[in-house]
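A.B. asks: Just passing along the structure, written as C-alpha coordinates.
The values are calculated or read from the model by the stated rules, or taken from the named source; none is laboratory data. If you're wondering where the values come from, they're calculated on a predicted model, not measured in any experiment. Glycine also receives a Cβ, built like all others from the backbone with ideal geometry; neighbour counts cover every protein chain displayed. Each accessible area value is taken on the protein alone, full model and side chains, heavy atoms only, with ligands, DNA and RNA left out. Shrake-Rupley method; radii C 1.70, N 1.55, O 1.52, S 1.80 Å.
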Amino acid sequence: MRAAPLVDGAIAGAVGSAVLNLVSYLDMATRARPASTTPETTAGRLADVTHLDLGPAEEAANRRAGLGPALGYVTGIAAGAVFGAFAARRRVPLPLAVVLLGGGVMATSDGSMTVLGVTDPRTWRRVDWISDLVPHLAYGLTAAATWRRLRPSSSRG
(Lines give C-alpha, C1' and ligand atoms only; values in the text may rest on other atoms or scores of the structure.)
Protein backbone atom coordinates (compact mmCIF):
# COMPACT_ATOMS: atom_id res chain seq x y z
CA MET A 1 0.00 0.00 0.00
CA ARG A 2 1.16 3.47 -0.77
CA ALA A 3 1.70 5.89 2.11
CA ALA A 4 -0.45 8.72 0.73
CA PRO A 5 -3.81 7.35 1.99
CA LEU A 6 -2.34 6.83 5.46
CA VAL A 7 -0.92 10.36 5.51
CA ASP A 8 -4.15 11.87 4.22
CA GLY A 9 -6.08 9.86 6.80
CA ALA A 10 -3.74 11.05 9.55
CA ILE A 11 -4.25 14.66 8.42
CA ALA A 12 -8.02 14.14 8.43
CA GLY A 13 -7.74 12.66 11.93
CA ALA A 14 -5.70 15.63 13.16
CA VAL A 15 -8.25 18.10 11.79
CA GLY A 16 -11.05 16.06 13.36
CA SER A 17 -9.21 16.04 16.70
CA ALA A 18 -8.88 19.81 16.66
CA VAL A 19 -12.61 20.16 16.03
CA LEU A 20 -13.43 17.61 18.76
CA ASN A 21 -11.48 19.76 21.21
CA LEU A 22 -13.11 22.96 19.96
CA VAL A 23 -16.59 21.50 20.43
CA SER A 24 -15.64 20.31 23.91
CA TYR A 25 -14.30 23.76 24.86
CA LEU A 26 -17.44 25.43 23.54
CA ASP A 27 -19.52 23.02 25.63
CA MET A 28 -17.46 23.97 28.69
CA ALA A 29 -17.95 27.67 27.97
CA THR A 30 -21.67 27.33 27.24
CA ARG A 31 -22.55 25.20 30.26
CA ALA A 32 -19.82 26.58 32.54
CA ARG A 33 -18.68 23.04 33.22
CA PRO A 34 -15.16 22.22 34.35
CA ALA A 35 -12.64 20.47 32.18
CA SER A 36 -12.68 16.71 32.32
CA THR A 37 -9.93 15.08 34.34
CA THR A 38 -10.23 11.76 32.50
CA PRO A 39 -7.46 12.46 29.95
CA GLU A 40 -4.84 13.16 32.59
CA THR A 41 -6.10 10.32 34.79
CA THR A 42 -5.82 8.00 31.80
CA ALA A 43 -2.26 9.19 31.15
CA GLY A 44 -1.42 8.48 34.78
CA ARG A 45 -2.93 4.99 34.65
CA LEU A 46 -1.06 4.22 31.43
CA ALA A 47 2.16 5.39 33.08
CA ASP A 48 1.43 3.11 36.04
CA VAL A 49 0.63 0.11 33.83
CA THR A 50 3.79 0.60 31.76
CA HIS A 51 5.90 1.33 34.86
CA LEU A 52 6.84 4.75 33.49
CA ASP A 53 8.05 7.09 36.23
CA LEU A 54 6.67 10.58 35.58
CA GLY A 55 8.86 12.10 38.30
CA PRO A 56 8.11 13.84 41.60
CA ALA A 57 4.46 14.66 42.39
CA GLU A 58 4.29 18.18 40.90
CA GLU A 59 6.25 17.24 37.79
CA ALA A 60 4.16 14.08 37.38
CA ALA A 61 0.93 16.12 37.58
CA ASN A 62 2.23 18.49 34.91
CA ARG A 63 3.29 15.60 32.69
CA ARG A 64 -0.12 13.93 33.07
CA ALA A 65 -1.78 17.24 32.16
CA GLY A 66 0.25 17.36 28.95
CA LEU A 67 0.12 13.67 28.10
CA GLY A 68 -3.67 13.39 28.46
CA PRO A 69 -4.56 15.71 25.57
CA ALA A 70 -1.61 14.38 23.54
CA LEU A 71 -3.06 10.86 23.85
CA GLY A 72 -6.34 12.20 22.48
CA TYR A 73 -4.57 13.59 19.43
CA VAL A 74 -2.63 10.36 18.95
CA THR A 75 -5.90 8.40 19.05
CA GLY A 76 -7.58 10.74 16.56
CA ILE A 77 -4.63 10.80 14.17
CA ALA A 78 -4.18 7.02 14.34
CA ALA A 79 -7.89 6.48 13.71
CA GLY A 80 -7.66 8.72 10.66
CA ALA A 81 -4.68 6.77 9.34
CA VAL A 82 -6.50 3.45 9.86
CA PHE A 83 -9.53 4.88 8.07
CA GLY A 84 -7.21 6.02 5.27
CA ALA A 85 -5.95 2.46 4.83
CA PHE A 86 -9.52 1.14 4.85
CA ALA A 87 -10.93 3.75 2.46
CA ALA A 88 -7.97 3.98 0.10
CA ARG A 89 -9.46 1.75 -2.58
CA ARG A 90 -13.17 1.98 -1.89
CA ARG A 91 -15.89 4.56 -1.76
CA VAL A 92 -17.17 5.03 1.78
CA PRO A 93 -20.43 7.00 1.92
CA LEU A 94 -20.18 10.08 4.11
CA PRO A 95 -22.68 8.90 6.78
CA LEU A 96 -20.81 5.61 7.13
CA ALA A 97 -17.45 7.41 7.29
CA VAL A 98 -18.78 9.69 10.05
CA VAL A 99 -19.97 6.69 12.08
CA LEU A 100 -16.77 4.70 11.51
CA LEU A 101 -14.50 7.59 12.42
CA GLY A 102 -16.50 9.18 15.25
CA GLY A 103 -17.76 5.91 16.67
CA GLY A 104 -14.36 4.27 16.35
CA VAL A 105 -12.58 7.03 18.24
CA MET A 106 -15.32 7.17 20.88
CA ALA A 107 -15.20 3.39 21.38
CA THR A 108 -11.41 3.40 21.52
CA SER A 109 -11.11 6.23 24.01
CA ASP A 110 -14.06 5.23 26.21
CA GLY A 111 -13.09 1.56 26.01
CA SER A 112 -9.49 2.18 27.05
CA MET A 113 -10.58 4.46 29.90
CA THR A 114 -13.02 1.78 31.06
CA VAL A 115 -10.38 -0.97 30.93
CA LEU A 116 -7.98 1.25 32.88
CA GLY A 117 -10.66 1.90 35.52
CA VAL A 118 -10.82 5.64 34.82
CA THR A 119 -14.55 5.66 34.07
CA ASP A 120 -17.56 3.37 33.91
CA PRO A 121 -19.98 4.30 31.11
CA ARG A 122 -22.68 2.20 32.78
CA THR A 123 -22.92 4.93 35.43
CA TRP A 124 -23.15 7.85 32.99
CA ARG A 125 -26.24 10.03 32.86
CA ARG A 126 -27.87 11.09 29.60
CA VAL A 127 -26.07 14.45 29.70
CA ASP A 128 -22.73 12.62 30.09
CA TRP A 129 -23.42 10.51 27.01
CA ILE A 130 -24.43 13.57 24.99
CA SER A 131 -21.31 15.44 26.16
CA ASP A 132 -19.23 12.54 24.86
CA LEU A 133 -21.20 11.79 21.70
CA VAL A 134 -21.47 15.29 20.22
CA PRO A 135 -17.71 16.03 20.08
CA HIS A 136 -17.04 12.57 18.66
CA LEU A 137 -19.65 13.10 15.95
CA ALA A 138 -18.00 16.44 15.20
CA TYR A 139 -14.69 14.58 14.94
CA GLY A 140 -16.21 12.00 12.60
CA LEU A 141 -17.88 14.57 10.36
CA THR A 142 -14.82 16.80 10.15
CA ALA A 143 -12.38 13.94 9.60
CA ALA A 144 -14.64 12.41 6.93
CA ALA A 145 -15.10 15.76 5.17
CA THR A 146 -11.35 16.41 5.29
CA TRP A 147 -10.68 12.93 3.87
CA ARG A 148 -13.10 13.62 1.01
CA ARG A 149 -11.45 16.97 0.34
CA LEU A 150 -7.96 15.46 0.30
CA ARG A 151 -8.96 12.39 -1.72
CA PRO A 152 -11.85 13.36 -3.99
CA SER A 153 -11.46 10.18 -6.07
CA SER A 154 -12.39 8.17 -2.93
CA SER A 155 -15.66 10.11 -2.74
CA ARG A 156 -16.99 9.41 -6.22
CA GLY A 157 -19.86 6.98 -6.58
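A.B. asks: How much accessible area per residue does the range 26-108 have, counting only protein heavy atoms and a probe of 1.4 Å, in square angstrom?
C.D. replies: Here the per-residue accessible area is 61 Å².
A.B. asks: Go through the range 85-99 residue by residue and turn each phi into a ³J(HN,Hα) via Karplus (6.51, -1.76, 1.60, θ = phi - 60°); whole Hz please, and just put x for glycine and proline.
C.D. replies: 5, 5, 8, 4, 10, 9, 8, 10, x, 3, x, 5, 4, 4, 5
A.B. asks: Please list, in order along the range 60-67, the HN-Hα scalar couplings obtained from phi with the Karplus expression 6.51 cos²θ - 1.76 cosθ + 1.60 (θ = phi - 60°), rounded to whole Hz, x for Gly and Pro.
C.D. replies: With coefficients 6.51, -1.76 and 1.60, one gets 4, 4, 5, 5, 4, 5, x, 5 Hz.
A.B. asks: For Cα pairs less than 8 Å apart in space and 6+ apart in sequence, what is the mean separation divided by the residue count of the range 61-157, i.e. the relative contact order in percent?
C.D. replies: Details: 60 pairs, mean separation 38.8, N = 97.
The normalised contact order for the range 61-157 reaches 40 percent.
A.B. asks: Something else now. Mind giving me the FRET efficiency for SER153 and ASP53? R0 is 41 Å, r the Cβ-Cβ distance, nearest 0.05 is fine. All intermediate terms of the calculation are to be shown ahead of the outcome.
C.D. replies: On the way: r = 48 Å, r/R0 = 1.17.
After rounding, the FRET efficiency stands at 0.30.
A.B. asks: Moving to a separate point now. Just read off the accessible area of THR123 with the full protein assembly in place, 1.4 Å probe, to the nearest 10 Å².
C.D. replies: The value for THR123 is about 100 Å².
A.B. asks: For the range 15-148, what % of the accessible area comes from carbon and sulfur atoms, probe 1.4 Å? Don't jump to the answer; show the numbers that get you there.
C.D. replies: Numbers: 5110 of 7730 Å².
About 66 percent, which is the carbon plus sulfur part of the accessible surface.
A.B. asks: Tilt of helix 4-31 relative to the longest C-alpha principal axis of the chain, in degrees (0 to 90, nearest 10)?
C.D. replies: 50
A.B. asks: Say we join alpha carbon atoms closer than 10 Å with springs in a Gaussian network model of the chain; which of ALA61, ALA29, ALA78 then has the biggest fluctuation?
C.D. replies: ALA29
A.B. asks: Using a Förster distance of 22 angstrom, determine the FRET efficiency expected from the C-beta separation of ARG122 and SER36, and round it to 0.05.
C.D. replies: FRET efficiency, ARG122 to SER36: 0.80.
A.B. asks: Between the range 100-138 and the range 74-93, what is the separation of their alpha carbon centroids in Å?
C.D. replies: So the two Cα centres are separated by 20 Å.
A.B. asks: Whole-Hz ³J(HN,Hα) for each residue in the range 135-147, computed from phi via Karplus 6.51 cos²θ - 1.76 cosθ + 1.60 with θ = phi - 60°, x for glycine and proline: what do you get?
C.D. replies: Those phi angles translate into x, 6, 5, 4, 4, x, 5, 5, 5, 5, 5, 5, 4 Hz.
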